[in-house]
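Readers should treat all values here as calculations from the given coordinates under stated rules, not as data from a laboratory. Keep in mind that what you see is a predicted model, and the values were worked out from it rather than measured. Virtual Cβ from ideal backbone geometry, glycine too; neighbours counted across all protein chains shown.
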Amino acid sequence: MRKITKALLGATTALTISAALPSVSQAAELTLCWAAWDPANALVELSKDFTAQTGTEMKFEFVPWPNFTDRILNELNSGGKLCDLLIGDSQWLGGSAENGYYVKLNDFFDKEGIKMSDFAEAAVNAYATWPKGTPNYWALPAMGDANAWFYRKDWFAKPEIQAEFKKATGRDLTVPATWAELIETAKFFNGKEIDGKKVYGAAIFTERASEGITMGITQALYANGFKYEMTPGKYDMEGAVNSPDAVKGLEEYKELYKCCTPPGYTDAYMGETLDAFKSGQAAMAMNWFAFFPGLYKDENVGGDKIGFFVNPKGTTAASTLGGQGISVVANTDNMDGALAYIKWFAQPDVQKKWWTLGGYAVHNAVLTDPSFKDSQPFAADFLVAMNQVQDFWQEPSYAILLQAMQKRMHDYVVADKGTAKEALDGLVSDWTEVFKDDGKL
Amino acid sequence: MTARFRPSGRAVRPDAPASRFLVTPVTDTDTSLLDKAAEKAVRVTPAPLAFRVRGLSDRAIAWLFITPTIALLLAINIFPLIWAVYLSFTNFRANRPNAEIDGVGLTNYQRVLNDPDIWQAMQTTAHFVFWTILLQMLIGFALAYLIDRKFRGHAFWTTVILIPMMLSPAVVGNFWRFLYQPQIGLFNYIYSFFTGVPPSSFEMLGSVALSPWAIIIVDTWMWTPYVMLICLAGLRSIPDYLYEAAEVDRASAWRQFWSITVPMALPFIMLAVLFRAIENFKMFDMVVLLTGGGPGSTTEVASITLKREAFESWRTGRASAFAIILFVAVFGLANIYVKALNKVKQR
């Protein structure tokens, strides 16, 4: 009997210890979720310093962009515990704040002396606040980003091409300053044979499933004065979303798509755009600043062969916002560890190192440094772009709003369905229904 | 050897005296294999267990065995279905856990049925289902007819033909996406080789006119072998004496085909149609990988619309209403079809 008792006691102790072990290891471990792209690798490098200082092991869950929203929002909606920290898209802020998925950081910031005034104002508004622009912080600005352009500088510099361009257009071949010039330049290069290879004018976003075509089209829309509402906060979209300027912007984007993209370019986002440029097929391409360090280092098309420019003007100067803030997931089992990471990440020195590793810090200590503009060939453009960014809806219903826009835009631009005005009218109708359902109209 | 079973088959204690039961003793000579197995089971059943089971009726024991299965069925199939019906009458959104759930009556159903995009998706689905089934039946039956001739090497060719069916739809979707690539894709290259049309001049997946056919081609390539297998089973089930009798009656090959082969194989063909129709009505993975429903919404079949509504827009109530409508449609059509199939089988 004593033997049985001893055996039971031993088994119970073993079970207790084994049950306790995961929680011990969890305490010294943090999982950070983000998209799988170049800056994520830089963050892995940067976070080694955090591990060295605190002993907390960092685990990373990087999801490819096309599945990023689906995967992470499913995780949040199902109350999963995968992520302790999340670098989530700016559009998720509204939903995540209202649904209690993110921890509100105001008290923590006050306690630790973290000031939002230390970060670029546009970045704070876009990546940290909900309701937008109010001092309610749900994230720390982590990665500034905007949609911009890059081009084959070596092709633009060829005397014979310059002469041909001058003859064809009557002006010098320079970086496009307006959307009209962008289209004209793309048309000039499209179908031309350079270095024995047929090339195309521009690689742009046309992806249907997630957010691609919307992020591309808004470059043209914002530059043409597109507004979401007639009166900010009133959701009165008629006359704003489908204004003549917006129609013009949409038509320009379609013109660029039709005239000058490589064949088979009907469902292209970040990866496809990079492929088209790196394979020497495209004279110009759009993509997020996040990829520019990698592009500049590229052996075939980087270095002296590549140049960068901010989104050309239409009636106004504007760029589509990318980038994200870092949030603490309310469901975390390691709240102290997650907050400690935020505190560490907010330090100016860490932010400076973040920039040198390839992350786009938006801390004023980085941006206002006199050497910043010359630190990278695209740094000055980044500053310009971040001062003119505009973002998509950040409403809790942003996913429905985005899906509606993806559908309407792809139908019009790629599938040739209807006119630009009809597409935007349809969008107003879709969005009106969403806001009515939300009780905001 | 004395049997330890009552006629009802109910288990008893192995140590109980046989005389207590109304049992007709059987001998080794007439003990069936089943009886032997039953006896063995009785012998190895622990006495306490046998004691507990004693007194239960056959019906009770039957219920005991099927209860776990029924419980699982209820939990996994029936409960979600009932829950989905409930959700379809609410404004519930899975991404708004803090929002109040209000009943909205038939609003979700009204919106789904009045949504032109949904009808467009249904039309796209119908086009896909109709053409894939038609092509798969024609080609599948023709292949089965040829294979049934038992020519030299027919076993090898049967295996070769079956290969596409063995692949995962994800793999098929991905590599056909490469095959259809206008600049480097083999499909465009072959077409160009035979017609002289430049390969980059047309896009199978990016063209509004061609993309519906692109997905039909891939599905037909993948699933025709499946139809062929079912048709082959049908053809091989036709007794030879029918053809011999027809030969005696001097029936032509054409007449034999239409009067013997087709009617006898018809139940199998109809079964193949049923399986493929149900499968293609809910087609999702392959189309997503090939076109993602594009260009625009040209190849957006109903299941993609449903997925977007449920897990991208997160309008769970409306998505549930759409799912119920689809379920009723498929269930209703399948029932009508099965009745027709039974009639054909009874001829």
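Counting lysine pairs in segment A:198-303 that sit 8 or more residues apart in sequence, or on different chains, and whose Cα atoms lie under 27 Å apart gives 12. Building the convex hull from the alpha-carbon atoms of chain B and averaging its projection over directions returns 30.3 nm². Relative to the longest principal axis of the Cα atoms of chain A, helix A:38-54 runs at roughly 30 degrees.
Got a sec? How would B:His154, A:His410 order by Cβ neighbour count within 10 Å, fewest to most? Display every interim value, and only then the final one.
Details: B:His154 13, A:His410 29.
The most exposed by this proxy come first: B:His154, A:His410.
Using DSSP, restrict attention to beta bridges with both residues in chain A and report what percent are antiparallel, rounded to the nearest 5. Present the calculation step by step, with values, prior to reporting the outcome.
Details: 23 of 38 bridges.
Beta bridges within chain A, antiparallel portion: roughly 60 percent.
In terms of other Cβ atoms within 10 Å, B:Glu100, B:Glu312, A:Glu272 run from fewest to most in the order B:Glu100, B:Glu312, A:Glu272. Enumerate the aspartates and glutamates that B:Lys36 could reach by cross-link, defined here as Cα to Cα under 18 Å, with residues fewer than 8 away along the same chain left out. Result set, ordered by chain and number: B:Asp15, B:Asp28. The calculated 222 nm mean residue ellipticity attributable to helices in chain A amounts to -14500 deg cm²/dmol, summing -39500 (n - 2.57) over DSSP H runs of n ≥ 4 and dividing by all residues.
Pairwise Cα distances in segment B:40-116 exceed 18 Å in 67 percent of cases. Only Cα sites of segment A:361-401 enter the Debye sum here, all with the same form factor; the resulting log10 I(q)/I(0) across q = 0.30, 0.34, 0.35 1/Å is -1.03, -1.18, -1.20, listed in q order. If you average the alpha carbon positions of segment A:359-373 and of segment B:171-211, how far apart do those two centres end up, in angstrom? Their Cα centres are 47 Å away from one another. The long axis of helix B:169-179 is offset from the longest Cα principal axis of chain B by roughly 20 degrees.
Kindly work out what percent of the DSSP beta bridges joining two residues of the protein assembly as shown are antiparallel, to the nearest 5. Don't skip to the end; give the middle numbers.
Details: 24 of 39 bridges.
The antiparallel fraction comes to roughly 60 percent.
I'm a student and want to see the number: the projected area of the Cα convex hull of chain A, averaged over all directions, in nm².
Working: hull surface 105.4 nm².
Taking a quarter of the hull surface, the average projection is 26.3 nm².
Spatial offset of segment B:310-333 relative to segment A:257-321 amounts to 40 Å, using the alpha carbon center of each. When every alpha-carbon pair in segment B:168-259 is counted, what percent end up more than 21 Å apart? Counting every Cα pair in segment B:168-259, those more than 21 Å apart make up 54 percent.
The long axis of helix B:211-236 is offset from the longest Cα principal axis of chain B by roughly 40 degrees.
Using only Cα coordinates, the Kirkwood hydrodynamic radius of the protein assembly as shown works out to 31.3 Å.
Against the globular-protein guess of 2.2 N^0.38 Å, express the Cα radius of gyration of segment A:369-430 as a ratio, rounded to two decimals. Walk me through the intermediate numbers first.
Numbers: Rg = 17.8 Å, N = 62, 2.2 N^0.38 = 10.6 Å.
Expressed relative to 2.2 N^0.38 Å, the Cα Rg reads 1.69.
Can you pull the Kirkwood radius for segment A:166-232, inverse mean 1/r over Cα pairs, to one decimal in Å?
Working: mean 1/r = 0.0698 Å⁻¹.
About 14.3 Å, per the Kirkwood formula over Cα pairs.
Note on B:293-304: average number of Cβ atoms from other chains within 10 Å of each residue's Cβ is 5.
State whether segment A:299-419 is rounded, prolate or oblate according to the following rule on the C-alpha gyration tensor (a ≥ b ≥ c being the square roots of its eigenvalues): a/c under 1.5 gives rounded; otherwise a/b larger than b/c gives prolate, and the remaining case gives oblate. Because a/c hits 1.5 or more and a/b fails to exceed b/c, segment A:299-419 counts as oblate.
Report relative contact order for segment B:212-347 in percent, whole number only (criteria: Cα-Cα under 8 Å, sequence separation at least 6). Can you show the working numbers first?
Details: 73 pairs, mean separation 30.7, N = 136.
Result for segment B:212-347 is 23 percent.
Helix content alone sets the calculated 222 nm mean residue ellipticity of chain B: runs of n ≥ 4 DSSP H residues at -39500 (n - 2.57) each, divided across all residues, give -20500 deg cm²/dmol.
Which of A:Lys197, A:Lys153, A:Lys373, A:Lys248 has the fewest other C-beta atoms within 10 Å, and how do the rest follow up to the most?
Least to most surrounded, the residues fall as A:Lys197, A:Lys373, A:Lys153, A:Lys248.
Quick check on packing: order B:179-192, A:386-399 by the mean number of other C-beta atoms within 10 Å, highest mean leading. Please list the in-between numbers first.
Details: B:179-192: 17.6, A:386-399: 21.3.
The packing order, highest mean first, is A:386-399, B:179-192.
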